Structures are given as C-alpha cells and as structure tokens.
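Asker: Here it is, the structure, as structure tokens.
The values are calculated or read from the model by the stated rules, or taken from the named source; none is laboratory data. Nothing here was measured: the structure is a model prediction, and the numbers come from that model. Don't worry about glycine lacking a Cβ; one is built from the backbone with ideal geometry, like all the others, and counts go over all protein chains shown.
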Amino acid sequence: MALRTAGRLSEGLRLGWRTGFDSGLSLDYVYENRPRGITLLGRLIDRAYLSSIGWRGIRQRRIHLERMLRDVIDRVHTDGRPVHLLDIAAGPSRYVLHTVRCASQPMTAVLRDTSVENIEAGRRLAAAMGLNGNITFERGDGFDRTSIGSIRPRPTIAIVSGLYELFPENGPVLASLRGLADVVEPGGYLLYTNQPWHPQVEFIARTLINREGKPWIMRRRTQAEMDQLVRAAGFRKLSMEIDRWGIFTVSLAEKVAA
C-alpha cells in the first residue's frame, strides 16, 4: 500500500507502476540513477528506491556488459571483420548507444524490442547522442527463431540482456538462442546475462508488477542451466563476470563452427 500511495511521489516508482518494473523504460531510469520526484520527500523515496540491492546489481551488470562489449568489439575489429551489433531485447538501449558513440571503430547496430514506446525512446536517445543512420531500431519478438534468423546484416556480435530471466520456460529461451545461432556470423560472439540468485525475489513478486501488469515473478536459473542452453544452441562459453553480491552474471560465448 505504501508503494502504491506515498511511493508515487517517487518518479521511479510512478514509472514502474505505469510501464512495469521490468520494462525497458524502468531499467533506463535505473541506469540514469538520478533521483527525481514530487517534493523533497519524493526525491528521498526515489533515492531509496534506486539504492535497492537489485538496482545496484543491475547497474553493475551494465558496467560488465559495456566492458565486455568494448573488448569483443576490439577483438572483431582486430580480426579484420566488420562490427555488426544485434540486441534482440534492447529497450531504449542506453548502454549500447553509449558504447557505439564512444567507440573508434565503424559499426552498425540493429536494436530490437517488442515495445513501440521503448523503440521511440531509443530513437530519441540516439538522436540526442548525435548518432547517424548506422543505428536501426525495429520491432521484433526476441523468442521468434525465424524472425531473428532473418535479420540483416548478419551480426558479428549479438546481445541478449535481461530477457530470459523474465520467463520461466526453457523452450522459448532455447528457440531464441537457436535463432541467434542461425543469424550470428561463424566465429561471431554472443553476450548473455543470467540471474542465478536475488535477495528480494519474494518481496518483488508480492509487491511489484511486470510489463504486463501482473506480479513480477522472476526466474532464477543456475549458471550451469543457462550455460547448457547456450551450448545446446551452438555456442561455446569463453568468459563470465559477476557482481560482488552474486545476483547477475554477464557471459561471452563464441558461435561454434558447424
């Protein structure tokens, strides 16, 4: 009741109730990490909200993603191959756009999402960053193997971040990963995330809503389970980063030659 009443003084909580706390817009707000709200009380509530352990872990996950993405961009470029990025559940894609803007290598990026609101927010962000026409935002289902496999140009680096943790069944996850294996260039790379543990998972499930307006029930997969799905799809894991709380992992895999 407190989160739905006084909590609405917080900009972050108000956004979460409107779009879902797992939405791309909510995550983009968390990445900004700038408390906002109605009155001083609202800003204080927002500061407490943004300082929760889960959101601190999310921001550390972004740091790991950006660092790993920069490293693999350098690797692809050094190998003399074009850098084509694909994110199948990009949201507004702040961290990818930031990486593209700061990179010295030429590259293209296809950034997909199911939400028109997320896509439009991403386009506005790209325009504000002064990025040119090599960034493409489009609507697409991150679990549709055929749709993923038809994306062009074929990516040399694919990203799937924060998506699979939101869905309990492994079948759609494996279909998504196989779509990525279909489309990624031979010798290309996959960056993927996982959530093997979360200290607030029950509290979140009982109090917050997801992007569909339903209770936000997250799926915790062991890292071994997630890695097995990636391997079954046709990738070989190379490395992994994890935050100091053990909540979120970011892994790098290479597409295995057929």
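Asker: Please work out which residue is modelled with the lowest pLDDT, limiting yourself to segment 153-167 and to residues that are crowded, with 20+ Cβ neighbours inside 10 Å and not in a loop (DSSP other than H, G, I, E, B).
Answerer: Once the filter is applied, the top-ranked residue is 165.
Asker: Have a look at 74, 144, 87 and point out the one that is without any contact (Cβ under 8 Å) to a residue 60 or more places away in the chain and under 20 Å from residue 241 (Cβ atoms).
Answerer: 74
Asker: Right, another one. Of the residues 34, 8, 4, 18, only one is at pLDDT 95 or above and either over 15 Å from residue 117 (Cβ atoms) or outside the structural domain of residue 214 (by TED's automatic domain parsing) (or both); which? Quick ask: steps written out before the conclusion?
Answerer: Details: 8 fails: at pLDDT 95 or above; 4 fails: at pLDDT 95 or above; 18 fails: at pLDDT 95 or above.
Exactly one residue qualifies, and that residue is 34.
Asker: Kindly indicate whether residue 218 is at pLDDT below 95 and either buried (at least 18 other Cβ atoms within 10 Å of the Cβ) or closer than 26 Å to residue 118 by Cβ (or both).
Answerer: Spelling it out, residue 218 is indeed at pLDDT below 95 and either buried (at least 18 other Cβ atoms within 10 Å of the Cβ) or closer than 26 Å to residue 118 by Cβ (or both).
Asker: Return yes when residue 230 is surrounded by 18 or more Cβ atoms within 10 Å (Cβ to Cβ), in a helix (DSSP H, G or I) and within 17 Å of the chain's Cα centre (by Cα) and no when it is not.
Answerer: yes
Asker: Taking segment 3-28, which residues are touching a Leu at 6+ places or on another chain (Cβ under 7 Å), assigned to a helix (DSSP H, G or I) and among the hydrophobic types (A, V, I, L, M, F, W, C)?
Answerer: 9, 13, 15, 25
Asker: While we're looking at this one, here's another question. Specify which of the listed residues (133, 122) is over 17 Å from the mean Cα position of the chain (by Cα), in the same structural domain as residue 187 (by TED's automatic domain parsing) and more than 22 Å from residue 187 (Cα to Cα). First the steps, then the outcome.
Answerer: Numbers: 122 fails: over 17 Å from the mean Cα position of the chain (by Cα).
So the residue among 133, 122 that is over 17 Å from the mean Cα position of the chain (by Cα), in the same structural domain as residue 187 (by TED's automatic domain parsing) and more than 22 Å from residue 187 (Cα to Cα) is 133.
Asker: I've got another one for you. Of the residues 85, 65, only one is crowded, with 20+ Cβ neighbours inside 10 Å and either in a helix (DSSP H, G or I) or out of contact with any helix residue (DSSP H, G or I) (no Cβ under 8 Å at 6 or more places or on another chain) (or both); which? Break it down into steps so the answer makes sense when it comes.
Answerer: On the way: 85 fails: either in a helix (DSSP H, G or I) or out of contact with any helix residue (DSSP H, G or I) (no Cβ under 8 Å at 6 or more places or on another chain) (or both).
Being crowded, with 20+ Cβ neighbours inside 10 Å and either in a helix (DSSP H, G or I) or out of contact with any helix residue (DSSP H, G or I) (no Cβ under 8 Å at 6 or more places or on another chain) (or both) holds for just one of 85, 65, which is 65.
Asker: If you go through segment 197-225 one residue at a time, how many are touching a strand residue (DSSP E or B) at 6+ places or on another chain (Cβ under 7 Å) and assigned to a loop (DSSP other than H, G, I, E, B)?
Answerer: Total meeting the criteria: 2.
Asker: Can you list residue pairs whose Cβ atoms sit under 8 Å apart, with the first residue in segment 202-231 being free of Cβ contacts under 8 Å to residues at least 40 places away in the same chain and outside the structural domain of residue 175 (by TED's automatic domain parsing) and the second being surrounded by 15 or more Cβ atoms within 10 Å (Cβ to Cβ) and charged (D, E, K, R)? Count only pairs 6 or more apart in sequence or on different chains.
Answerer: none
Asker: Assuming residue 60 fulfils every condition listed in (1) touching an Asp or Glu at 6+ places or on another chain (Cβ under 7 Å); (2) surrounded by fewer than 21 Cβ atoms within 10 Å (Cβ to Cβ); (3) not assigned by TED's automatic domain parsing to the domain that holds residue 192 apart from one, which condition is it?
Answerer: Every condition holds for residue 60 apart from (3).
Asker: Oh, and also: Restricting segment 185-196 to residues that are under 18 Å from the mean Cα position of the chain (by Cα) and not in a strand (DSSP E or B), which is nearest to residue 90 (Cα to Cα)?
Answerer: Taking the candidates together, the pick is 195.
Asker: Across segment 25-48, which residue is nearest to residue 196 (Cα to Cα) among those that are crowded, with 21+ Cβ neighbours inside 10 Å and in contact with a strand residue (DSSP E or B) (Cβ under 6 Å, 6 or more places away or on another chain)?
Answerer: The selected residue is 46.
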